Amino acid sequence: MSGGGAALAKARRLLARRGGWIDVVPGGYGIRSGADRRAHVLLLLDEAAFDRLVEAPGLRRREGGGWVARTAPAERPGRPEPGRPGFIEGRKAVMEGEGRPVMRRANLGQSAVAWLARHRGPDGRPWLDAARIAAAARLALEAERAARGPSMTLRWDALPRAGGGSAVRAEPDDNALAAGRRVEAALAACGPARRMVEAVCLRASALQAAERDLGLRRREGKILLQAGLAALAAHYRIG
């Protein structure tokens, strides 16, 4: 497995080629050049090297699985990438309460809220203020705690659903159950904006994709999200 500077430089060159992409493979992350997973792995990278690729040149989800190098057009301000902007699924080490590192599923890119927070309106003001951003971050942290169970892995299906209460399965521990109840209470506090807040903050959906999925008009989702996060900040007594 490779992870040094020379290997990282080679990885970036391979990803820059037409048809180059990276995927999770046994033992790490493999770079291929071809249409599907039958293509030979040209280079095997470790977790640290993959994290460096996330930072530069940046990765975006590839249709059919895996990731490709992010290109400049996908990063133009005001042009959100469809689906889940900034979401790069991978694994990272998390310290447990007893100080033991455990590998967990995680978003290795920036959050959808952080992506939105970088954008400004016609008046030059950010779309989301500091209180809304902090409230979204706290909700995401509580949701991650709620999704943990005795298997010590994240189970995204354990997150609460609108109208359905908590869907936590497999008898998670008391901490996970308590976090699930806090997530449910926080989402309930968002009122009519609950589904938009859940889509963007917990499902990493792009604003436009969430509007489409929820049957909202263009720009209606932005107003709803801002209202929902303001309610969430009030629930958490932030700001």
Output for the stretch 43-53, where each listed residue is among the hydrophobic types (A, V, I, L, M, F, W, C) and either at pLDDT 90 or above or surrounded by fewer than 18 Cβ atoms within 10 Å (Cβ to Cβ) (or both)
43, 44, 45, 48
Can you tell me which of (1) at pLDDT 80 or above; (2) touching a Phe, Trp or Tyr at 6+ places or on another chain (Cβ under 9 Å) is the one residue 40 doesn't meet?
(2)
Give me the pairs: first residue in the stretch 107-122 and farther than 26 Å from residue 66 by Cβ and part of a loop (DSSP other than H, G, I, E, B), second residue modelled with pLDDT of 70 or more and open to solvent by less than 20 Å² (accessible area, probe 1.4 Å), beta-carbon distance under 9 Å, and six or more apart or on different chains, which are they?
119/128
Of the residues in the stretch 22-46, how many are among the acidic types (Asp, Glu) and touching a strand residue (DSSP E or B) at 6+ places or on another chain (Cβ under 7 Å)?
2
First in the stretch 195-222 and modelled with pLDDT of 90 or more, second anywhere and assigned to a loop (DSSP other than H, G, I, E, B), Cβ under 6 Å, 6 or more apart:
195/162; 195/214; 197/190
Residues of the stretch 31-60 classified as out of contact with any Gly (no Cβ under 9 Å at 6 or more places or on another chain) and under 13 Å from residue 8 (Cα atoms), total
4
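In the stretch 179-215, what count of residues is obtained for those that are closer than 19 Å to residue 119 by Cα and assigned to a helix (DSSP H, G or I)? Talk me through it step by step, then tell me what you get.
Our first condition is that a residue be closer than 19 Å to residue 119 by Cα; within the stretch 179-215, this holds for 196-197, 199-201, 204-211.
Applying the additional criterion that residues be assigned to a helix (DSSP H, G or I) yields 196-197, 199-201, 207-211.
Qualifying residue count for the region: 10.
The values are calculated or read from the model by the stated rules, or taken from the named source; none is laboratory data. All values derive from a computational prediction rather than experimental measurement. As a convention, Cβ positions derive from the backbone with ideal geometry for all residues, glycine included, and neighbour counts pool all protein chains shown. Just the protein is used for accessible areas: all its heavy atoms, side chains included, with ligands, DNA and RNA removed. Shrake-Rupley method; radii C 1.70, N 1.55, O 1.52, S 1.80 Å.
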